[in-house]
Structure formats: structure tokens, C-alpha cells
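Please read the structure below before turning to the comments.
Just so it is clear, none of the values below were taken in a lab; they were calculated from the coordinates. It should be emphasised that the depicted structure is a prediction, and the values quoted were computed from it without experimental measurement. Here Cβ is always computed from backbone atoms with ideal geometry, including for glycine, and neighbour counts include all displayed protein chains.
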Amino acid sequence: MKRLKLWSASTLLLMLLSMSLGSAHAAVPLGMGELDAVTAGLCNNCPPDEAPNEPPAPPKLLGYSWEIVSSSTGKPTQTSYSLERDFANPSSVPVTYTYVIDEECRMTLTSGGAGISAALSLSVGFSRVCSNPTTAQLTVPPNKRIKLYKGNMRVTTTYVAHKFAQYSDGSSQDTGVADRGTTNKTYMKYTTMDGAL
């Protein structure tokens, strides 16, 4: 009986050992050739292969802007003039006068659509002041007079603006959409005329 128990325990121990050896053998990874033969080269859990030299994503459109592409300015014309000051010197020595000149410059958008308005940052009918007053001096010789005249001047400029698409890579592209407009710049031109008393 004792021998039977010993034999049964040995058999059970051998069975357990053979099971653990079989499991260890099954856990060994397959070689590449063996894996190819079993899966036909397919892999369901592999990460996707990166395509070599894949072209970069196209830049994103950020918005549109209007830009002046050409302009044409006409010759200045004088619309009127007036006597501004009369500097007289009845003395026997030169006299210096100081006065202020103000060109009273204004640029007014007289025609154009949304494109020209955006490009020039100015709405039709509105003016941008570009005046710059300066101080001047005038020396009048003895027994002379100098008259200062102020002429009202006007210059017309025609602009052409194009609409550009702006992209995230810093590039821009002309969309082919255009707008045309006109500005009138008015200013004062000062001239002097010498004469006797």
C-alpha cells in the first residue's frame, strides 16, 4: 500500500512537471519565418508605417487683405488764390517778420468700393488730415513790401487695389478681385511777390 501511494505521488509529480514544461515551451516567441508562415505577413496590431518623404500639409487660409497695386497722380491745379499778408517796411533798415504757414492738407476719398476703403483705411466722402503747420521768417528790405499769397491747390490720384489671400506659411496670393477709387488732395501753396511801397 505504501508503495502504491509512493508510485501515485511520483506519477502526479511527473504530470505536473510535464504540464509546466509544455507551457514554457508554448510561451517561446515564433521566429520571423514561422510567423510569416502562420499569419501570411499580416499584422493586425502593428503601428502604421510612416510614408517616406510625405508631402507637407498645405498652408491654411488665414483671411484676406486689400492692397494698393498701382496709383496714378495728376498734375496739381490751382483752384483759387488770395492775399494772405502784406509785409511793408517803410523804415531805412531791414525788418524780419515771423509768421505761421499751414498747408491745411486734406486727402478725401471721392470714389471707390470696400476694397479701396480697406486699403487706404478711409471711407468714401471722408478726409484724412495731413496738415503740418510750420513757422517761417521773411526779411523785408528798407522801403519795400512783400505780399504773401495763398493758393488753393488740388491733386487727383487714382488707385487700384487687389484682394489677396493670406496663408499660414506667410505667403499671399492675388485672388483676381480688384477695386478702383479716386482721392482728391487739397492743400495751400504760399508764394511771395516783391514790390515797392
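General observations
- Between amide H atoms placed 1.01 Å from N, distances below 5 Å from G113 occur with R180, all of them 5 or more places distant or on a separate chain.
- Cut-off 14 Å between beta-carbons: net charge of the residues surrounding K147, Lys and Arg +1, Asp and Glu -1: +1
- Total lysine pairs under 30 Å (Cα atoms) in region 61-196, excluding pairs fewer than 8 apart on one chain: 11
- Net charge, I101 excluded, C-beta distance under 14 Å - Lys, Arg +1, Asp, Glu -1: -1
- Once both labels are positioned 7 Å from their Cα atoms along Cα-to-Cβ, the gap between A165 and A136 label points is 5.3 nm.
- Under 13 Å from the S127 label point (7 Å along Cα→beta-carbon), backbone N, region 158-197: 184-188
- Under 15 Å, Cβ to Cβ, from D86 - net charge with Lys/Arg +1 and Asp/Glu -1: +3
- Hz values of 3J(HN,Hα) by residue in region 80-92 - Karplus curve (6.51, -1.76, 1.60), Gly and Pro given as x: 6, 8, 8, 7, 8, 8, 10, 9, 10, 10, x, 7, 9
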